[in-house]
Number of protein chains: 2
Amino acid sequence: MPKTPDFKRSPCPLAVTLDIVGDKWSLIVIRDLFRGVSRYNDFLKSPEDMTTNILAERLKRLEGHGLISKSAYQENPVRHEYALTKKGRALGPVLREIVHWANAYYPGTIKPSFDKL
Amino acid sequence: MPKTPDFKRSPCPLAVTLDIVGDKWSLIVIRDLFRGVSRYNDFLKSPEDMTTNILAERLKRLEGHGLISKSAYQENPVRHEYALTKKGRALGPVLREIVHWANAYYPGTIKPSFDKL
């Protein structure tokens with residue numbers, strides 16, 4: 001795999017993806033969006049206890065990479081809600097395979113339905 | 001999703017998996033094992049330029065979680081080689097879906113064959 005200046009680490013599709021969502025929180029945010037969460041405070045209610053600074057940073061990063069979009073639902077004060085873009089929704093199969101793996105090897109993990117993935 | 005003491009963050013299968021491989025390097029190591037890399041120094045030859053301390057820590061962590069196994073192939077000095085366990089190989093579909101996603105949204109990323117995934 002030759003290095004090219006177009007990619008941060010390499011043109012490997014795994015490396016490119018991990019540079020975007022390769023952390024403990026980004027896919028938790030994506031998961032919550034799939035589940036219907038859209039407003040800032042509602043992400044903070046998830047059982048993983050995301051902190052506000054992590055949430056704000058991840059939302060900004062994911063928006064910057066085009067995985068989510070932001071729109072105002074209220075003025076004075078302005079409040080935003082978030083939604084998956086087509087590109088973000090396209091991560092659904094990745095989430096599904098991760099869930100299958102964890103369900104197989106970690107008994108007691110939740111087995112979600114995949115209506116929205 | 002109720003919290004339980006059995007899981008670090010939550011019984012969500014995504015959270016459980018991300019606590020193991022949710023970083024920029026673990027799946028790169030898994031990828032290289034799928035590609036046939038098995039010896040310490042050979043992981044360091046990948047284009048992502050993994051450092052020795054990151055590699056050593058990830059190998060130890062992945063072995064601790066049962067995703068890879070270690071065996072000596074030489075004595076005096078002892079040298080180890082690494083291989084995916086059944087549990088580690090079971091991450092193949094996750095890697096494949098990540099590759100499909102990146103290939104679709106990042107033109108120029110490599111399109112690997114999936115003989116081994």
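Exactly one of (1) exposed (fewer than 14 other Cβ atoms within 10 Å of the Cβ); (2) part of a loop (DSSP other than H, G, I, E, B); (3) more than 9 Å from chain A (Cβ to nearest Cβ) is unmet by B:Val37. Its number?
(1)
What is the one condition in (1) within 12 Å of the chain's Cα centre (by Cα); (2) small (Gly, Ala, Ser); (3) more than 9 Å from chain B (Cβ to nearest Cβ) that A:Ser113 does not satisfy?
A:Ser113 satisfies all of (1) within 12 Å of the chain's Cα centre (by Cα); (2) small (Gly, Ala, Ser); (3) more than 9 Å from chain B (Cβ to nearest Cβ) except (1).
Looking only at the stretch B:59-68, filter to residues that are touching a residue at least 24 places away in the same chain (Cβ under 8 Å) and assigned to a helix (DSSP H, G or I); which one of those is surrounded by the fewest Cβ atoms within 10 Å (Cβ to Cβ)? Steps first, answer last, please.
Just the residues of the stretch B:59-68 that are touching a residue at least 24 places away in the same chain (Cβ under 8 Å), to begin with: B:59, B:61-62, B:65, B:67-68.
Now restrict to residues that are assigned to a helix (DSSP H, G or I): B:59, B:61-62.
Details: B:Leu59: 19, B:Arg61: 17, B:Leu62: 24.
Within the stretch B:59-68, the match that is surrounded by the fewest Cβ atoms within 10 Å (Cβ to Cβ) is B:Arg61.
The conditions are (1) touching a Ser or Thr at 6+ places or on another chain (Cβ under 6 Å); (2) touching a residue at least 24 places away in the same chain (Cβ under 8 Å), and A:Pro47 fails exactly one of them. Which is it?
Of the numbered conditions (1) touching a Ser or Thr at 6+ places or on another chain (Cβ under 6 Å); (2) touching a residue at least 24 places away in the same chain (Cβ under 8 Å), the odd one out for A:Pro47 is (2).
If you go through the stretch A:51-85, how many residues are more than 12 Å from the chain's Cα centre (by Cα), aliphatic (A, V, I, L, M) and under 15 Å from A:Val21 (Cβ atoms)?
Number satisfying all stated conditions: 1.
With facing chain A (nearest Cβ under 9 Å) and closer than 26 Å to A:Lys8 by Cα as the only criterion, which of B:Arg31, B:Arg61 stands out? Break it down stepwise before answering.
Details: B:Arg61 fails: facing chain A (nearest Cβ under 9 Å).
B:Arg31 is the lone residue from the list that is facing chain A (nearest Cβ under 9 Å) and closer than 26 Å to A:Lys8 by Cα.
Let me confirm something: among A:Ala104, A:Ala56, A:Ala83, which residue is within 10 Å of chain B (Cβ to nearest Cβ) and either buried (at least 16 other Cβ atoms within 10 Å of the Cβ) or not acidic (Asp, Glu) (or both)?
Values: A:Ala56 fails: within 10 Å of chain B (Cβ to nearest Cβ); A:Ala83 fails: within 10 Å of chain B (Cβ to nearest Cβ).
When all the criteria are applied, what remains is A:Ala104.
Being without any contact (Cβ under 8 Å) to a residue 24 or more places away in the chain and in a strand (DSSP E or B) is the requirement here; does B:Ser71 meet it? Outline the logic, then answer.
On the way: without any contact (Cβ under 8 Å) to a residue 24 or more places away in the chain: yes; in a strand (DSSP E or B): yes.
Judged against the criteria, B:Ser71 is a match.
Among the residues of the stretch B:86-101, write down those that are of a type in the set (Val, Ile, Thr) and surrounded by fewer than 16 Cβ atoms within 10 Å (Cβ to Cβ). Please lay out each step first, then the result.
Taking the stretch B:86-101 first, the residues of a type in the set (Val, Ile, Thr) are B:94, B:98-99.
The answer is none; no residue qualifies.
Identify, please: which residue in the stretch B:1-28 is among the basic types (Lys, Arg) and facing chain A (nearest Cβ under 7 Å) and is, among those, nearest to A:Ala102 (Cα to Cα)? Reasoning before the result, please.
Going through the stretch B:1-28, the residues among the basic types (Lys, Arg) turn out to be B:3, B:8-9, B:24.
Subsequent filtering for residues that are facing chain A (nearest Cβ under 7 Å) retains B:3, B:9, B:24.
Numbers: B:Lys3: 17, B:Arg9: 14, B:Lys24: 19 Å.
Here the answer is B:Arg9.
A short reminder: the numbers here are calculations on the coordinates, not readings from a lab. This one's a predicted model, so the numbers in the text were calculated from it and none came from an experiment. Cβ atoms come from the backbone with ideal geometry, glycine included; neighbour counts cover every protein chain shown.
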